[in-house]
Amino acid sequence: MTKRTLKDLSHHVSQCVECGLAESRTQVVFGSGNPNADYFFIGEGPGAKEDLEGEPFIGRSGKLLSRLIGEELKIDRSQCYIANVVKCRPPNNRNPKSIEISTCKPYLDEQIQLVNPVVIIPLGNFASRLLLNTKEGITNLRGERYSYKQHYLVPTFHPAAALRGNPDALKNMRLDFQLAYSIVSGNLK
Ligand code: URA
């Protein structure tokens with residue numbers, strides 16, 4: 001059987017009713033960006049704006065993420081791939097439940113496999129804990145390079161942490177983006 005493409009997968013996921021989030025969503029927010037990206041960002045789940053428009057990270061967190069991509073990775077965000085741990089908005093922006101995360105995980109894994117990035121950058125606790133299979137928090141996890149399957153993995157804070165005024169979050173996000181940049185530009189392979 002031929003491998004399905006990102007577009008096939010997106011079409012399939014757009015009709016998913018595997019968990020309860022399907023009942024309250026406006027639409028599935030599959031992910032967006034360059035299907036051959038070097039950098040693959042993973043957030044937590046769509047917020048209100050993303051749920052309405054069908055695009056990940058288009059609110060305040062997205063603006064900060066786009067700015068950091070430009071300043072530290074020296075590319076436009078459209079050259080990266082951006083997805084979330086869960087593809088449907090949790091009602092009232094509550095945390096995604098374990099069962100929702102595990103139900104959605106095969107979609108994330110297939111996205112990663114199809115994009116085949118050099119480095120994965122999980123943003124915040126949910127994405128970092130999921131891919132590193134740990135209960136450890138992002139404050140302790142960040143600042144280092146790990147691997148996930150054949151990809152490098154550089155966990156960092158979620159941009160919302162920086163927007164909430166965590167004084168170290170923005171500074172550390174810049175450092176983590178610089179680590180990812182040096183991996184992709186070949187200085188750290
Ligand atoms: N926060 C996330 O984690 N993901 C989005 O898509 C938007 C905000």
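Read-outs throughout are calculated quantities, based only on the coordinates presented, and are distinct from any laboratory measurement. None of these values were measured; they are calculated from a predicted model. Cβ atoms come from the backbone with ideal geometry, glycine included; neighbour counts cover every protein chain shown.
Relative to the current alpha-carbon distance between Ser185 and Asn36, full extension at 0.36 nm per residue lengthens the span by 52.1 nm. Non-local lysine pairs in the chain, meaning eight or more places apart or on different chains, with alpha-carbon distances under 18 Å, amount to 14. Computed from label points 7 Å out along Cα-Cβ, the spacing between Ser102 and Lys7 is 3.5 nm. Dipole magnitude for the stretch 1-153: computed about the Cα centre from +1 point charges on Lys and Arg Cβ and -1 point charges on Asp and Glu Cβ, it is near 160 debye. The label-point distance for Asn133 and Gln15, in a model that sets each label 7 Å from Cα toward Cβ, rounds to 3.3 nm.
Report the FRET efficiency, 1/(1 + (r/R0)^6), for Arg67 and Asn166, where r is their Cβ-Cβ distance and R0 is 22 Å, rounded to 0.05. With a Förster radius of 22 Å, E is 0.85. Each label was represented as a point 7 Å from its Cα along the Cα-to-Cβ direction; for Leu52 and Leu175 these points are 3.8 nm apart.
Value of Rg to Rh for the stretch 68-166, rounded to two decimals, is 0.94; Kirkwood radius and Rg both from alpha-carbon coordinates. Normalised by the number of residues in the chain, the mean separation of alpha-carbon contacts (under 8 Å, six or more apart) gives a relative contact order of 23 percent.
Rounded, prolate or oblate, given the Cα gyration tensor of the stretch 1-99, with a/c below 1.5 counting as rounded? Cα axes put the stretch 1-99 in the oblate bin.
Inverting the mean 1/r over all pairs of different Cα atoms, compute the Kirkwood radius of the stretch 6-184 and quote it in Å.
Computed over the stretch 6-184, the radius equals 16.0 Å.
Say the dipole of the stretch 6-184 comes from +1 at the beta carbon of Lys and Arg and -1 at that of Asp and Glu; which of Tyr81, Ser128, His151 then lies farthest toward its positive end? It is Ser128, whose Cα lies furthest towards the positive end. Between Glu23 and Gln113, what's the calculated FRET efficiency when r is the beta-carbon distance and R0 is 25 Å? Round to 0.05. Here the calculated transfer efficiency is 0.30. Estimated from helical segments only, the mean residue ellipticity of the chain at 222 nm is -12000 deg cm²/dmol, where each DSSP H run of four or more residues counts as -39500 (n - 2.57). Using R₀ = 30 Å, calculate the FRET efficiency as 1/(1 + (r/R₀)^6) where r is the Cβ-Cβ separation of Lys149 and Asn92; round to 0.05. With a Förster radius of 30 Å, E is 0.35.
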